[in-house]
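No value in this document is a laboratory result; all are computed from the given coordinates. Predicted model only: the values in this text are computed from it and were never measured. Methodologically, a virtual Cβ is constructed for each residue, glycine included, from the backbone with ideal geometry; neighbour enumeration extends over all protein chains shown.
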Amino acid sequence: MQFASRSYSADSISAVQELYHSNGWTDGLPIVPPTREAVQECLEWVMMPPDQLIGIEPVRGLAITAEKLAINAVMAGCLPMHFPVVVTAWTAMMQEEFLMHGATASTGGCAVLVILNGPIRLEIGASGSFNALANSDRATAVIGRAIRLCLINLLDDRPGVIDRSTLGHPGKFSYCVAEDEEDTTWLPLAEHRGVPKGASSVTVMAAGAPRQLMNEWTTKPEEILETFAAEMRANMRHYSIHPGNYALIIPKQLREHLQAGGWTKADIATFIHERARIHRREWADVGKGAVVRDRGDSVYTAMDSPDQLLVVAAGGPAGGFGAVIPPWLGNKSYAVTLPIGVCVDCEPPKK
Amino acid sequence: MFEVLDPTPGTAPPAGRLAPRLDTLEGKTVGFISNGKEGTKGFFRHLDQILREEYGVANVVSRTKSNYSAPADPHIVAEIKGWDAVVSGLGD
């Protein structure tokens with residue numbers, strides 16, 4: 001297989017590490033050496049030649065090829081079977097509505113949250129159970145890391161260069177979660193978003209850090225969801241009032257109360273849309289009185305409509321916890337869901 | 001021995017070309033492209049004043065992007081041809 005990339009020789013594993021660190025090609029952690037063999041195995045897995053064009057980064061006109069994604073995926077620790085997820089996630093990120101340049105350059109410091117659905121989760125061992133939003137398993141850890149290494153190396157999203165984040169958050173190392181589809185009666189997120197049943201898919205969202213909440217003192221769906229809505233209201237008061245895609249991560253303990261009450265994801269979204277809204281005057285309570293102006297009575301909703309809520313069944317079996325994952329900056333970036341293996345050049349993705 | 005591959009594009013992104021530098025700002029038209037953030041207002045107001053009063057700029061045209069996280073709108077970019085110089089400022 002012919003590669004376009006320049007190659008380097010290094011006589012030890014530590015020399016490889018120093019080569020990559022000293023060139024600014026890492027996230028600060030050690031990398032797996034991207035040898036020709038390892039990169040070729042990734043490309044063969046997805047049946048793509050090295051120069052396969054995955055897309056053009058829309059702002060700076062950078063061509064993203066399968067070869068470069070594969071090199072970075074290997075560095076992140078991906079096995080060939082993880083690579084289709086990386087390719088699909090990047091294809092999704094390059095859709096115009098995702099606004100990749102803005103989301104990855106912004107002072108707001110969001111990360112790309114990757115949500116996995118479908119059979120591929122089980123094939124690659126991606127877990128949506130214990131520690132779902134963190135180091136739950138190898139697959140989600142390395143896939144999330146590959147997304148970031150590609151941003152660093154392909155878009156120059158290095159801190160202080162293109163990445164102008166004031167703070168960032170730990171999800172910028174890796175931010176990937178698999179939905180626990182086997183342990184819920186709910187429809188998978190991807191199916192809600194139009195992907196056919198049984199297809200594997202990737203959803204990407206420009207996302208802030210998870211805001212963890214707890215309510216172990218009720219079994220009533222309305223009360224459980226009120227805690228989620230309150231966390232979203234807090235985000236709207238403390239961070240951003242812009243409406244957009246929020247994600248709710250609902251682990252098993254709280255999920256079972258909701259399911260027992262017959263609540264579907266659509267019911268949850270309708271309730272949350274009604275409850276997650278604030279008056280502009282509330283900004284005065286949190287030190288932002290200067291921007292209330294004469295619009296104190298204006299009401300702002302967390303989402304434009306219920307279907308902007310991404311409800312994800314994930315998390316360990318015990319604990320009355322949940323998480324709200326807020327959008328980077330409301331509707332400036334929309335979450336994108338793509339089935340794995342689709343050809344986005346063949347027909348436009350559904351909005 | 002490891003033979004490893006470069007993870008970066010290896011080539012510079014398509015670069016724009018700097019417009020010819022102006023000898024003077026006297027009598028010129030300068031365009032401002034603001035990202036619309038709060039901090040830009042005072043910055044551009046002050047810059048407008050300096051350019052007119054101290055450098056003799058004839059016209060200052062102020063435009064604001066519709067989305068501060070996205071490139072300038074096409075209709076703003078189209079206007080640039082009519083300006084002698086552009087200041088594209090960030091503000092937070």
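If neighbour count is taken as other Cβ atoms inside 10 Å, put A:LEU133, A:LEU69 in order from fewest to most. Please list the in-between numbers first.
Numbers: A:LEU133 23, A:LEU69 31.
Result, fewest neighbours first: A:LEU133, A:LEU69.
In degrees, nearest 10, range 0 to 90: what is the angle between the Cα axis of helix B:38-55 and the longest Cα principal axis of chain B?
60 degrees
What distance in nm separates the two pseudo spin-label positions at A:PHE130 and A:GLU97, each 7 Å out from Cα along the beta-carbon direction?
Distance between label points: 3.8 nm.
Looking at chain A as a GNM with Cα springs under 10 Å, which of A:GLY262, A:GLY322, A:GLY287 has the largest mean-square fluctuation?
In this elastic network of chain A, the residue with the biggest mean-square fluctuation among A:GLY262, A:GLY322, A:GLY287 is A:GLY287.
Within region B:17-47, which residues have the backbone N less than 20 Å from the label spot 7 Å out from A:ALA290 along Cα→beta-carbon, could you tell me?
From region B:17-47, the list is B:35-47.
Past the 25 Å Cα-Cα mark, which pairs from A:LYS197/A:LYS252; A:LYS220/A:LYS265; A:LYS288/B:LYS37; B:LYS41/B:LYS65; A:LYS332/B:LYS28; A:LYS220/A:LYS252? Each step should come with its number before you reach the end.
Values: A:LYS197/A:LYS252 22 Å; A:LYS220/A:LYS265 16 Å; A:LYS288/B:LYS37 16 Å; B:LYS41/B:LYS65 13 Å; A:LYS332/B:LYS28 35 Å; A:LYS220/A:LYS252 15 Å.
Listed pairs above 25 Å: A:LYS332/B:LYS28.
Please report the spacing between the Cα centers of region A:38-102 and region A:109-181 in Å, no decimals.
If you average the Cα positions of each part, the centres end up 14 Å apart.
Rounded to the nearest 0.05, what FRET efficiency do A:SER9 and A:MET214 give with R0 = 45 Å and r taken as the Cβ-Cβ distance? Could you check?
Working: r = 53 Å, r/R0 = 1.18.
FRET efficiency, A:SER9 to A:MET214: 0.25.
Less than 17 Å apart at the alpha-carbon level, and either on another chain or at least 8 residues along: which aspartates and glutamates does that give for A:LYS68?
Partners within reach: A:ASP27, A:GLU37, A:GLU41, A:GLU44, A:ASP51, A:GLU57, A:ASP156, A:ASP157, B:GLU3, B:ASP6.
Stokes-Einstein D for chain A at 4 °C, 1.567 mPa s, Kirkwood Rh over Cα pairs, in µm²/s?
On the way: Rh = 20.9 Å.
Using the Kirkwood radius from Cα pairs, D works out to 62 µm²/s.
Trypsin sites (Lys or Arg not before Pro), restricted to region A:168-258: which are DSSP loop and have at most 13 other Cβ atoms within 10 Å? It would help to have the intermediate numbers written out before the result.
On the way: sites: A:LYS172, A:ARG193, A:LYS197, A:ARG211, A:ARG233, A:ARG237, A:LYS252, A:ARG255; in loops: A:ARG193, A:LYS197.
Qualifying residues, ordered by number: A:LYS197.
DSSP loop (so not H, G, I, E, B), at most 11 other Cβ within 10 Å: list which chymotrypsin sites (Phe, Trp or Tyr not before Pro) in region A:168-234 pass both filters.
On the way: sites: A:PHE173, A:TYR175, A:TRP186, A:TRP217, A:PHE228; in loops: A:PHE173, A:TYR175, A:TRP186, A:TRP217.
Passing sites in region A:168-234 are A:TRP217.
For chain A, what proportion of DSSP beta bridges, expressed in % and rounded to the nearest 5, is antiparallel?
Details: 26 of 36 bridges.
Taking every DSSP beta bridge within chain A, about 70 percent pair in antiparallel fashion.
Just want to confirm a number: the relative contact order over chain A, from Cα pairs under 8 angstrom separated by 6+ residues, in percent. Each step should come with its number before you reach the end.
Details: 711 pairs, mean separation 71.3, N = 351.
Computed value for chain A: 20 percent relative contact order.
Per the Debye formula with a single identical scatterer at each Cα and no solvent contribution, what log10 I(q)/I(0) holds for region A:28-128 at q = 0.15 Å⁻¹?
-0.69
Using just the alpha carbons, could you tell me how many Å³ per residue the convex hull of region B:37-89 encloses? Mind showing how you got there, number by number?
Details: hull volume 4.0 nm³, N = 53.
Residue-normalised Cα hull volume stands at 75 Å³.
Counting each DSSP H run of 4 or more residues in chain A as -39500 (n - 2.57), what helix-only mean residue ellipticity at 222 nm follows after dividing by all residues, to the nearest 500 deg cm²/dmol? Present the calculation step by step, with values, prior to reporting the outcome.
Details: 11 runs with 113 residues, N = 351.
-9500 deg cm²/dmol, from helical runs alone.
Highest GNM mean-square fluctuation, chain B, Cα pairs closer than 10 Å: which of B:ARG17, B:ARG63, B:ARG52?
Highest fluctuation of the listed residues: B:ARG17.
Starting from the 7 Å offset along Cα-to-Cβ, what nm value, one decimal, do you get for the label separation of B:VAL77 and A:GLU256?
For B:VAL77 paired with A:GLU256, the spin-label model returns 5.5 nm.
Can you figure out the FRET efficiency of A:SER305 with B:ASP23, using R₀ = 56 Å and their beta-carbon distance, to the nearest 0.05? Let's see the in-between values first.
On the way: r = 55 Å, r/R0 = 0.99.
Working from the Cβ atoms, E equals 0.50.
With springs connecting C-alpha atoms under 10 Å apart, model chain A as a Gaussian network and identify which of A:TRP25, A:TRP263, A:TRP283 has the largest mean-square fluctuation.
A:TRP283
For A:LYS332, B:LYS81, B:LYS65, what ranking results if the residue with the fewest other Cβ atoms within 10 Å of its Cβ goes first?
On the way: A:LYS332 22, B:LYS81 6, B:LYS65 17.
Exposure proxy ranking, most exposed first: B:LYS81, B:LYS65, A:LYS332.
If I stretch the segment between A:ASN331 and A:GLU182 completely, what's the gain in nm (0.36 nm per residue apart, minus their alpha carbon distance), one decimal?
50.5 nm
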